[in-house]
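Here the structure is laid out as structure tokens; the discussion comes afterwards.
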Amino acid sequence: MDSTIAFRNVRYTVAGGRNLVHDISFELERNETVVILGRSGSGKTTTLKLINRLLDPTAGEVFVEGKSTGEWDPIRLRRHIGYVIQDAGLFPHFTVERNIALVPSLESWTGERIRSRVHEMLELVGLPPADFAKRFPRQLSGGERQRVGVARALAADPPILLLDEPFGALDPITRSEIQKEFRDLQKRLEKTIVFVTHDVREAFLLGKRIGLMKDGKLLALLPAGDFRKLDHPEAKAFVESYS
Amino acid sequence: MNIFEVMWTNRNQVLQLTIEHIFLVGVSMAIALAIGLPVGILMTRKPRLSRPVLVFANVVQTIPSLALFGFLIPIPFIGGIGARTAIVALVLYSLLPIIRNTFTGISGVDPAIREAGRGMGMTDNQLLWQVELPLAMGVIFAGIRIATVVAVGVATIAAAVGAGGLGMFIFRGVSMVDSRLILAGAIPAAVLALAADVGLGAVEKRLGRI
């Protein structure tokens, strides 16, 4: 199997028997970006957490680089996968520099190597290190925090990147700026990316393929260009909200 | 003689009893921290433990201190007359604020931050030491400060079980109906409580800067 991420009949059930994710199967090729689109509660965040083993499937299997997540050591797996969440989830008591250095320092890189990597990452997301390295998250704007979140996820150069509505809490103008920046970044980096959003505009902008989720089911997974032709009320509802 | 003259003539004893008092409180707090911090942390890992432990600590807190000292005297090994009984009682009293604040402080850390840490591949220990404890530090320290101030006060009662401390003056003053002697014990105890609070506040500030 040469897919980077693969779901095989994956179900995730919470106590009480409700299925948050219902028999999902799909595959992602190396360096492909898939956007999972859905309303709140559609199971898209759960799907993401099944990839980095923050959750274990109730049934079925998730494969990362050909190996079932159950066989991965969860710590190794997660350090292999960059993770960005809404509001960035930065550590408020760490400076920007230490936040970005998190995984490299967990991986015991040398101080010199960490420092140069952190600076490289800050440059990459457009925050001048001299100005930003020593700041604390509370001294940043929402957009800057989110850029630091992306820099942190990329710091140890993981081949896979998971993003959970990363730009959802930003104002519309900042959001559209940072979306474009991210698209440029995406072209330069060779990463397999799963991007979860409820924003159909974002899905069209960033996704090579778009997966549509509703009530825990993956209704469709198809090239972004074909999404408009999809004959399903949920897809139509999303496309209509776009105009 | 006014109160200050009484304290001055008894200065050697004031000093000695103050040292005894500090010893009682210091040893009790060290033991209470050694028990309370790990128990509070364990409760965040095993939530089912949290209710029974908090109920126990709450119940202990409701026992009047004089009664608690009295209960402990006949118990072998931990009881008897002297400092040991007093230390056991003070530890029991100090546990509640330390355990509860450790537990609520760590539980109060934003779940999104914890999840981000776990998602980035931090082990449970790394999450605890690098994220949860530093972020809960303010709440935990508030508990330690309350526990210490309360212990300085309760330790005055330790004199009733022969443990010494500034309570000696207070009990003597009560039995002789001499308010100057009561104050000779109460004033240094109050100063101790304030000093401990300010001192711990300074320690907290230092730790916060790391």
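Per DSSP H run of n ≥ 4, the term is -39500 (n - 2.57); total these for chain A, divide by its residue number, and report the mean residue ellipticity at 222 nm rounded to 500 deg cm²/dmol. Show your work: numbers first, answer last.
Numbers: 10 runs with 89 residues, N = 243.
My calculation for chain A gives -10500 deg cm²/dmol from helical runs alone.
The label-point distance for B:T9 and A:Q139, in a model that sets each label 7 Å from Cα toward Cβ, rounds to 6.1 nm.
Neighbours of A:L205, meaning other residues whose beta-carbon lies under 15 angstrom from its beta-carbon, give a summed charge of +2 when Lys and Arg score +1 and Asp and Glu score -1. FRET efficiency for the pair B:L49 and A:R113, taken as 1/(1 + (r/R0)^6) with r the Cβ-Cβ distance and R0 = 60 Å, rounds to 0.90. Compared with the dominant Cα axis of chain B, that is its longest principal axis, helix B:133-154 is turned about 20°. Between the alpha-carbon centers of the stretch B:154-180 and the stretch A:20-36, tell me the distance in whole angstrom. Using only Cα atoms, the two centres lie 74 Å from each other. Helix B:11-45 and the long axis of chain B differ in direction by around 20°, with both axes built from C-alpha atoms. The distance between label points at B:N58 and B:E204 comes to 2.4 nm (points 7 Å beyond Cα on the Cα→Cβ vector). With both labels modelled 7 Å from their Cα along Cα-to-Cβ, the A:K187 to A:K208 distance reads 1.5 nm.
Take peptide A:91-103, look around each residue's Cβ out to 10 angstrom, count Cβ atoms belonging to other protein chains, and average those counts. Let's see the in-between values first.
Details: counts 9, 6, 8, 3, 0, 0, 0, 1, 2, 0, 0, 8, 3.
Shielding by partners across A:91-103 averages 3.
In the protein assembly as shown, the DSSP beta bridges split such that about 50 percent are antiparallel, to the nearest 5. Over 29 Å between C-alpha atoms is what I'm after, so list which of A:K44/A:K180; A:K180/A:K214; A:K134/A:K208; A:K214/B:K46; A:K208/A:K236 land there. Pairs exceeding the cut-off: A:K134/A:K208; A:K214/B:K46.
FRET efficiency for the pair A:E61 and A:T13, taken as 1/(1 + (r/R0)^6) with r the Cβ-Cβ distance and R0 = 22 Å, rounds to 0.90. When both bridge partners sit in chain A, DSSP labels roughly 50% of those beta bridges antiparallel.
Rounded to the nearest 0.05, what FRET efficiency do B:A112 and B:D178 give with R0 = 60 Å and r taken as the Cβ-Cβ distance? Could you check?
On the way: r = 61 Å, r/R0 = 1.01.
After rounding to 0.05, the efficiency reads 0.50.
For the listed peptides A:108-118, B:129-139, a ranking on the average number of other beta carbons within 10 Å per residue, highest first, reads B:129-139, A:108-118. Could you tell me how far the Cα centroid of the stretch A:80-127 sits from the Cα centroid of the stretch A:193-243, in Å? Comparing the Cα centres of the stretch A:193-243 and the stretch A:80-127, I get a distance of 31 Å.
Tell me what chain B gives for mean residue ellipticity at 222 nm when only DSSP H runs of n ≥ 4 count, each as -39,500 (n - 2.57), the sum divided by the residue total, rounded to 500 deg cm²/dmol. Before the final figure, lay out the partial values.
On the way: 10 runs with 166 residues, N = 210.
About -26500 deg cm²/dmol.
In whole Å, how far is the Cα centre of the stretch B:23-40 from that of the stretch B:84-148? Cα centroid of the stretch B:23-40 versus Cα centroid of the stretch B:84-148: 14 Å apart.
The order of the peptides B:70-81, A:172-183, A:30-41 by mean Cβ neighbours within 10 Å, most packed first, is A:30-41, A:172-183, B:70-81.
Per-residue shielding of A:78-89, expressed as the average number of other chain Cβ atoms within 10 Å of the residue Cβ, stands at 4.
Read-outs: derived from the displayed coordinates by stated rules, not from any lab. Remember, predicted model here, so these are calculated numbers, not experimental data. Backbone-built Cβ (ideal geometry, glycine too); neighbour counts: all protein chains shown.
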